Amino acid sequence: MSGADGGSPGLPSRADPRGAQPLRRLLDDAGGTLVGDSRGGLVDELAQRYDGDLHIGLRPYRPTIVANFVETIDGVVAMTEDGQTGGGEVSGFSPTDRFVMGLLRALSDVVLVGASSIRTSRRAARTPGGVFPDAAAAFADLRSRLGLAPVPTTLVVTSSGDLDPTMPAFQERTAPIVIAGPSERMAELRAGAFGPNVTFEALRGSAATPDELVEIARGLGARVVTTEAGPRLFADLARAGLADELFLTLAPQLAGRDPAHPRLPLVDGEAFWPDSPRWARLTSVRSAGDHLFLRYRFEEQRA
Ligand SMILES: NC(=O)c1ccc[n+]([C@@H]2O[C@H](COP(=O)([O-])OP(=O)(O)OC[C@H]3O[C@@H](n4cnc5c(N)ncnc54)[C@H](OP(=O)(O)O)[C@@H]3O)[C@@H](O)[C@H]2O)c1
């Protein structure tokens, strides 16, 4: 995911001038993605752009959690050079990647992000149209047809509570935002001059556990959560068996790494193999130009 609504300002140096290239479906294994109820059903413009339909399986007792990342061929999801740490640098600012991100947001009740990305964003709210404006009307139609709120709620997690209402990200006051952090920090933020669209959730400790995140999302009525948070939080969710699906864009570049350029991998802070490997089923493959758009479903670990 490129994070266009949160990425580096200014003209990207390696932007793809061809705009969103059409996706081409190479594999779609509906049997691999659909278990019981599901949410989706793309028509017209979205089905055309996506080259087919998209359904997210719904879990009966907790929200389905879908992760969205873009990585380089060599598994890098973030560069570490100042001001160039967003997904855009990884994807080459791919508009097609942003379309897929918008589509996942359009099917979600909640979009989960870490506070650090909010601190560098122009806009805190992770809306479908915010990341891919060309399809904003089609995203809105889809949500209305599915009986969803006009835009998803953005759930921001923070341990530091280092957020304040004067940040650029909080100047737009229309879309719902929930900030979840340690209780004493939330009490301070609650007293701040945030807009009425921002509410607060006190965590039990200094950081949210994966189960607490599920509880908060469930409290918001969520059936589908897309996580756009970074590799640490993804690692926590995967460790807890709560990462159900991964939409992974593979960008056709090698980032490389050395001591001066450490880079971030897709999973950070957890080792699964060999004691507890996380195997996935490949359920969809699409291409657009030289980018690959992969969808994986992880073996069910938590009901
Ligand atoms: N390529 C991609 O698709 C992709 C996707 C996502 C991120 N990234 C990149 O990866 C890098 C790291 O991403 P990120 O900064 O979003 O990482 P992250 O690990 O998701 O978020 C980091 C921040 O979120 C808060 N946080 C995370 N887990 C928390 C928890 N369990 N409880 C409470 N607060 C929690 C903390 O905020 P406080 O500091 O306020 O305590 C933490 O500093 C960035 O460069 C980003 O651009 C790339």
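The values are calculated or read from the model by the stated rules, or taken from the named source; none is laboratory data. Just so it is clear, the model here is predicted, and its values are computed rather than measured. Methodologically, a virtual Cβ is constructed for each residue, glycine included, from the backbone with ideal geometry; neighbour enumeration extends over all protein chains shown. Ligands, DNA and RNA are stripped out before the accessible areas are found, and what is left, the full protein with its side chains, is counted by its heavy atoms. Shrake-Rupley method; radii C 1.70, N 1.55, O 1.52, S 1.80 Å.
Determine if region 174-196 includes at least one residue that is at pLDDT below 95 and either within 21 Å of the chain's Cα centre (by Cα) or under 23 Å from ASP268 (Cβ atoms) (or both). Scanning region 174-196, I find at least one residue that is at pLDDT below 95 and either within 21 Å of the chain's Cα centre (by Cα) or under 23 Å from ASP268 (Cβ atoms) (or both), so the answer is yes.
Determine whether ALA208 is without any contact (Cβ under 8 Å) to a residue 60 or more places away in the chain, open to solvent by less than 70 Å² (accessible area, probe 1.4 Å), in a loop (DSSP other than H, G, I, E, B) and within 11 Å of the ligand (Cβ to nearest atom).
Values: without any contact (Cβ under 8 Å) to a residue 60 or more places away in the chain: yes; open to solvent by less than 70 Å² (accessible area, probe 1.4 Å): yes; in a loop (DSSP other than H, G, I, E, B): yes; within 11 Å of the ligand (Cβ to nearest atom): yes.
Yes: the conditions hold for ALA208.
Regarding region 244-265, can at least one residue be identified that is more than 11 Å from the ligand (Cβ to nearest atom), assigned to a loop (DSSP other than H, G, I, E, B), over 20 Å from VAL77 (Cα atoms) and of a type outside the set (Phe, Trp, Tyr)? No, because not a single residue in region 244-265 is more than 11 Å from the ligand (Cβ to nearest atom), assigned to a loop (DSSP other than H, G, I, E, B), over 20 Å from VAL77 (Cα atoms) and of a type outside the set (Phe, Trp, Tyr).
One residue alone among VAL100, VAL113 is within 17 Å of PRO231 (Cβ to Cβ), in contact (Cβ under 8 Å) with a residue 40 or more places away in the chain and either of a type in the set (A, V, I, L, M) or in contact with a His (Cβ under 6 Å, 6 or more places away or on another chain) (or both), and that residue is VAL113. Hey, among the residues in region 250-263 that are open to solvent by 70 Å² or more (accessible area, probe 1.4 Å) and of a type in the set (A, V, I, L, M), which one's farthest from PHE234 (Cα to Cα)? Looking at the filtered set, the residue picked out is ALA260. Which one is surrounded by the fewest Cβ atoms within 10 Å (Cβ to Cβ), of the residues in region 53-62 that are in a loop (DSSP other than H, G, I, E, B) and under 20 Å from the mean Cα position of the chain (by Cα)? Looking at residues that are in a loop (DSSP other than H, G, I, E, B) and under 20 Å from the mean Cα position of the chain (by Cα), I get ASP53. If you go through region 122-160 and keep only what is among the aliphatic types (A, V, I, L, M), in a helix (DSSP H, G or I) and closer than 20 Å to VAL224 by Cα, you end up with VAL131, ALA136, ALA138, ALA140, LEU142.
Here GLY129 does not qualify as crowded, with 24+ Cβ neighbours inside 10 Å, without any contact (Cβ under 8 Å) to a residue 60 or more places away in the chain and not acidic (Asp, Glu). For SER117, indicate whether it is over 20 Å from LEU294 (Cα atoms) and within 11 Å of the ligand (Cβ to nearest atom). Spelling it out, SER117 is indeed over 20 Å from LEU294 (Cα atoms) and within 11 Å of the ligand (Cβ to nearest atom). Among the residues of region 165-183, those identified as of a type in the set (S, T, N, Q) and closer than 17 Å to LEU155 by Cβ are THR174, SER183.
Candidates LEU220, LEU266, LEU233, LEU189: the one that is under 25 Å from VAL70 (Cα atoms), surrounded by fewer than 20 Cβ atoms within 10 Å (Cβ to Cβ) and of a type in the set (A, V, I, L, M, F, W, C) is LEU266. Entry remark, region 211-232: residues being part of a strand (DSSP E or B) and either at pLDDT below 95 or more than 13 Å from the ligand (Cβ to nearest atom) (or both) number 2 in total. The set of residues in region 149-162 being open to solvent by less than 50 Å² (accessible area, probe 1.4 Å) and under 19 Å from PHE99 (Cα atoms) consists of VAL151, PRO152, THR153, THR154. When you check ALA136 against the structure, is it within 29 Å of LEU248 (Cβ to Cβ), of a type in the set (Gly, Ala, Ser) and within 16 Å of the ligand (Cβ to nearest atom), yes or no? Judged against the criteria, ALA136 is not a match. Based on what the data block shows, is LEU292 surrounded by fewer than 19 Cβ atoms within 10 Å (Cβ to Cβ), in a strand (DSSP E or B) and not polar (S, T, N, Q)? Yes.
In the set (1) out of contact with any Lys or Arg (no Cβ under 8 Å at 6 or more places or on another chain); (2) within 11 Å of the ligand (Cβ to nearest atom); (3) under 26 Å from GLY87 (Cβ atoms), the condition left unmet by ARG239 is number (2).
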